[in-house]
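Everything below concerns the one structure shown next.
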Amino acid sequence: MLDEREILDRLKDCIVNLDIPCVQETCRDALAGGISAYRAIVDGLSKGLEIVGGKYETKEYYLADLMLAGEAMKEGMRILQPHLERKELGTLGKVLIGTVRGDLHDLGKNVVAMFLEAAGFEVIDLGTDVSAQKFVDAALSQNPDILGMSALLTTTMPEMKKTIREIEKAGSRAALRIIIGGAPVSSEYGEEIGADAVGSDAVEGVNVCKAWIDRRTCVRPERHI
Amino acid sequence: MDSRKRIAAILDGQEPDRVGFQDTDFFSDTIERWHAEGLPRAVDVVKPSLPWLNVPALKYFGDDIYVVWTDISPKYDAIDYQVGEDWCIAKDEFGATKKSWTTRSASPQYLEPVVKTPQDFREKIDPLLDHEDMRRVSSSHYPFKHELAQMVNRFQHEFFVVVGMVGPFEYSTYLCGGLAATLIFVMKNQDFASYMFSRIGDFLRRIGEGYIEAGVDGLWLFDDQGSQDGPFFSPRLYAKLLKPAHEAVCEPFRRRRLPRLIHSDGYLEPIVSYLIEAGFVALHPLQNKVGMDVRRLKEKYGKELTLIGGIDTRILSSGDLRAIENEVRSKIGIAGQGGGYIVASDGPVPPTISLASYRFFVEQARKYGSYPLKA
């Protein structure tokens, strides 16, 4: 019988090895062995996903590997989430995310959402083709810490600027950090439209969000452009 | 030198009279802007189903290649479910239900894929990949072969004519519900995915044979293999799962020494040598924003690959004529050495580029593209 440390390491390795049956079996072993679902997620699965993110950054893993890691993570969460205690459901922060109006691409957004959830954020995914007004309405009703926008077309990028302007008009800008991403989105564009950061890929985007939350005591949002 | 001889020389590793030119992927918003800026109305977005309407667009900007598109779908009947102001939800000829924009160029959103399990592919797609279906040009019973050959021959008076086909991976995305769903399906079912790609690859091979009989000059496969961060699959997985299918599609053309071109977006350097091994002799579009610099690729792969594209659409969008001239001159100056280069923008031409800037780009390509190169 494996001890707690061994099971947590095995959970981490199952994710790193992209092994869904291993994740399923080891999650059940964790619960049977008295390990809390919270620890299994935070100290097992999420640690594995962090390593996968690192391997993606160093080009050891590719997008297909990342997607399979996400599926493995989802499968583990499916088994463990029903066993989470209510008080364990606190989050690092709340992130509102969506693909802008006129754009139906969601791959990058979905990968970012997956990594944010694994990192401990509460993610509200507005989906695709999200109008500026819908972002504003959601920002006002959900009070997120961070707003993330994705666009994959040069023709839809202007919606990011429009959304930021609408958020400013609604008086919500100061309370919010805004990160944008997508293939055509550059640092220069982010600077031009007043975003706080541009994520060059999903993993970097999540790291920026984590850095913001770590520095929550800052008076002014730091810019990562 | 006419277009056909020019492109043949370039793809054969010879130095032509001038670099080739090929740009046919324009957003509908771009053409709309250009019509307002003075582009003749007869010059319009390329419509694969209406080939003769495309000729004014190709000739207007001096394109050298004509792509004859072929219907490689399983041929399900399309059904419209719901129509909105600028979108529609419909089942398409691949059997997938998707939401598409009707007023702009953009990728669709898959609502219900046709293939969710290996069994779905076996039951709903496999039986329909029949090259002997008499509706297909590859069938020995296809009744319109003569007309097809006549059409190819007429286009060859003005262009280098290739058959355009979607490749096995892209084909799979139409079945499995888009890129993310396909990557997950493939990674979870790798052995089956290998079969699926090979099955599709073999089907495309047989379709290609039909177009070779009709007299085309080559193959242009459209099969995105990567994104800004790199190839979708590791080189090892590409070699295991997809390369055999690419080899199969290339085989009849390779056997007859007809060139094989591949279009793929994304940063592809980890797999370029594998694509060459699979049989491709030309690569398009060479996106600058992801690091596919045509000058570096020329140095590394210039002996084995013709390079198509590489002109940065961000620079064309700037409207800065000096920057545009420098971009064209520097790219042609290196990529065009000894032949082996066809000028094109590095992606779909967006509406951020004015007609004046685009015309200037075309002029610079003419100015700096004649051999011996002035660049």
- Query: crowded, with 21+ Cβ neighbours inside 10 Å and assigned to a helix (DSSP H, G or I): does that describe B:LYS289?
  - Reply: no
- Message: So in the range B:106-138, with the set limited to residues that are assigned to a loop (DSSP other than H, G, I, E, B), under 24 Å from the mean Cα position of the chain (by Cα) and polar (S, T, N, Q), which one is nearest to the other protein chains (Cβ to nearest Cβ)?
- Response: B:SER107
- Item | Neighbours by Cβ (under 6 Å, 6+ apart or cross-chain): first from the range A:202-215, within 17 Å of A:VAL52 (Cα to Cα) and in a helix (DSSP H, G or I); second modelled with pLDDT of 85 or more and hydroxyl-bearing (Ser, Thr, Tyr) | A:VAL203/A:TYR56
- Message: Kindly evaluate B:ALA181 against the criterion of being in a helix (DSSP H, G or I) and without any contact (Cβ under 8 Å) to a residue 40 or more places away in the chain.
- Response: no
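Got a number for residues in the range B:232-258 being outside any helix (DSSP H, G or I) and buried (at least 23 other Cβ atoms within 10 Å of the Cβ)?
Of the residues in that region, 2 qualify.
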- Subset of the range B:301-336 [part of a helix (DSSP H, G or I) and in contact with a Lys or Arg (Cβ under 6 Å, 6 or more places away or on another chain)]: B:ILE334, B:ALA335
- Query: Is it true that A:GLN81 is surrounded by fewer than 18 Cβ atoms within 10 Å (Cβ to Cβ), within 14 Å of another protein chain (Cβ to nearest Cβ), in contact (Cβ under 8 Å) with a residue 12 or more places away in the chain and not small (Gly, Ala, Ser)?
  - Reply: no
- Of the residues in the range A:27-40, those that are assigned to a helix (DSSP H, G or I) and touching a residue at least 40 places away in the same chain (Cβ under 8 Å) number 7
- Query: Can you tell me which residues in the range B:218-231 are more than 26 Å from B:THR70 (Cα to Cα) and crowded, with 21+ Cβ neighbours inside 10 Å?
  - Reply: B:ASP229, B:GLY230, B:PRO231
- Search the range A:89-147 for residues being more than 14 Å from chain B (Cβ to nearest Cβ) and of a type in the set (Asp, Glu), and hand back the single one that is surrounded by the most Cβ atoms within 10 Å (Cβ to Cβ). A:GLU117
- Item | Filtered residues of the range B:94-105 (kept if of a type in the set (Val, Ile, Thr) and assigned to a strand (DSSP E or B)) | B:THR97
- Message: Here's a check for you: in the range A:64-76, which residue that is touching a residue at least 12 places away in the same chain (Cβ under 8 Å) and more than 15 Å from the chain's Cα centre (by Cα) is farthest from the other protein chains (Cβ to nearest Cβ)?
- Response: A:GLY76
- What number of residues within the range B:173-189 satisfy the criterion of being more than 10 Å from chain A (Cβ to nearest Cβ) and at pLDDT 95 or above? 5
- Quickly run through the range B:197-241 and pick out the residues that are more than 14 Å from every other protein chain (Cβ to nearest Cβ) and either hydrophobic (A, V, I, L, M, F, W, C) or more than 25 Å from B:SER138 (Cβ to Cβ) (or both). B:ILE200, B:PHE203, B:LEU204, B:ILE207, B:ILE212, B:ALA214, B:VAL216, B:LEU219, B:TRP220, B:LEU221, B:PHE222
- Are any residues in the range B:276-291 over 15 Å from the mean Cα position of the chain (by Cα) and over 19 Å from A:ALA183 (Cβ atoms), and if so, which ones? B:ILE276, B:GLU277, B:ALA278, B:GLY279
- Is there a residue being part of a loop (DSSP other than H, G, I, E, B), in the same structural domain as B:THR30 (by TED's automatic domain parsing) and over 25 Å from B:SER3 (Cα atoms) anywhere in the range B:269-277? no
- Message: Scan the range B:195-212 and tell me whether some residue there is of a type in the set (Asp, Glu) and surrounded by fewer than 19 Cβ atoms within 10 Å (Cβ to Cβ).
- Response: yes
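The values are calculated or read from the model by the stated rules, or taken from the named source; none is laboratory data. All values derive from a computational prediction rather than experimental measurement. Cβ atoms come from the backbone with ideal geometry, glycine included; neighbour counts cover every protein chain shown.
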